[in-house]
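Okay, so here's the structure we're looking at.
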Amino acid sequence: MKKTAIVFGWLLLSLGIANKTSAQYYFYNDNFYDSPVMFEVGGSVGIMNCLTDLGGKKGLGQRFVKDLNMGQSQMNGSIFFSCLYKNAIAARLEATFGKVAADDAVLKNVPVSDIAHARYNRNLNFETPITEFSFVTEIHPFFILKNWAESETYPPRISPYIMGGIGYFSYNPKGRLGDQLIELQPLHTEGQGFVEYPDRKEYKLKQINIPVGVGFKYELSPSVNLRAEFVYRILNTDYLDDCSTKYIDPNTFATNGLTGDLLYNAVALYDRQLDYKAGPGGKRGNSTNNDGYFSFNIKAGITFGRERVR
């Protein structure tokens with residue numbers, strides 16, 4: 001995070017210098033003009049969803065959107081601050097708060113096939129809050145490919161953009177046991193950190209992610225803009241849902257120190273299969289693909305630095 005702060009500070013300093021040396025140019029009418037550097041604060045609301053081993057659309061475990069179940073979408077919101085240079089490039093700091101969830105039970109009415117039924121039979125579920133802080137760069141092609149300051153026409157009010165950066169997020173997957181939500185990471189449901197499974201490391205609940213996305217920005221007025229934005233987070237973990245690989249021997253919970261409620265909950269939640277039991281070594285998840293989550297948000301921003309012609 002220190003490196004991110006240094007980079008952002010350097011960018012602000014650079015843009016401040018540019019502000020003193022660059023010419024001003026007009027906005028979309030004769031009443032306001034843009035400074036080369038402008039600032040924006042705002043917020044957003046939208047939906048958040050995930051692509052993990054659990055649930056899915058048809059129970060077949062297909063890649064990306066083919067496995068997406070929009071019925072599992074949850075609400076999310078964010079606040080942000082950005083620095084925009086000549087309407088072409090922006091550096092943005094954003095805090096996002098949301099939730100993701102998935103449940104194998106949604107596949108109950110899916111036509112039965114061997115794979116789909118096995119996924120439903122697994123009978124796992126999870127939900128987790130998401131808190132994310134990100135630093136991203138926006139690229140606005142309409143303002144990079146053409147110098148509107150020297151044009152005889154006004155720049156467009158709508159600006160599509162692409163974005164990417166780095167984020168730091170926290171999560172804490174929980175599973176339902178009766179009417180309770182139980183934290184799953186302390187249970188080591190797949191033997192993470194157990195001596196019997198040396199290749200399964202304990203996962204951290206705070207990690208780095210890579211947000212990438214696209215959006216459309218519309219200048220509603222000289223001081224207010226609206227956006228529609230889709231952002232996907234590339235993760236370095238397959239344990240967003242606490243499910244990744246194979247079932248373990250339940251005896252290893254006790255031999256690795258779990259006692260009391262932890263032992264009871266671990267035995268109850270590591271294996272929830274309905275019709276048949278795969279047994280230790282049987283497939284529980286798919287470790288070949290990491291999990292991911294995404295959001296679609298409507299944003300509103302207030303722009304500072306646009307001045308009225310006197």
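Just so you know, all these numbers are worked out from the coordinates, no wet-lab data involved. Note that the coordinates shown come from a computational prediction; the quantities given were computed from them, not determined experimentally. Glycine gets a Cβ as well: all are built from the backbone with ideal geometry, and neighbour counts include every protein chain shown.
The figures follow:
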quantity	calculated
About the Cα centre, charge dipole magnitude for region 166-310 (Lys/Arg +1, Asp/Glu -1 at Cβ), debye	860 debye
Above-threshold pairs, the threshold being 24 Å between Cα atoms, out of 99/204; 174/201; 108/201	108/201
Karplus-derived 3J(HN,Hα), 6.51/-1.76/1.60, for each residue of region 82-91, Hz, glycine and proline x	9, 10, 10, 10, 6, 6, 9, 9, 10, 10
Relative contact order %, region 235-310, counting alpha carbon pairs below 8 Å whose residues are six or more apart	50 percent
Long-range HN-HN contacts of residue 200 with modeled amide H, under 5 Å	193
Calculated FRET efficiency for the pair residue 79/residue 196, C-beta based, R₀ 41 Å, to 0.05	0.35
Per-residue HN-Hα couplings for region 125-130 [Karplus 6.51, -1.76, 1.60; θ = phi - 60°; Hz; x = Gly/Pro]	8, 7, 8, 8, x, 10
Interchain or long-range residues, amide H under 5 Å from residue 209's placed H	167, 168, 169
Whole-Hz couplings from phi, Karplus 6.51/-1.76/1.60, listed for region 153-163; x for Gly and Pro	10, 6, x, x, 6, 9, 9, x, 8, 10, 8
Mean separation of Cα contacts under 8 Å, 6 or more apart, over the residue count of region 172-246: relative contact order %	27 percent
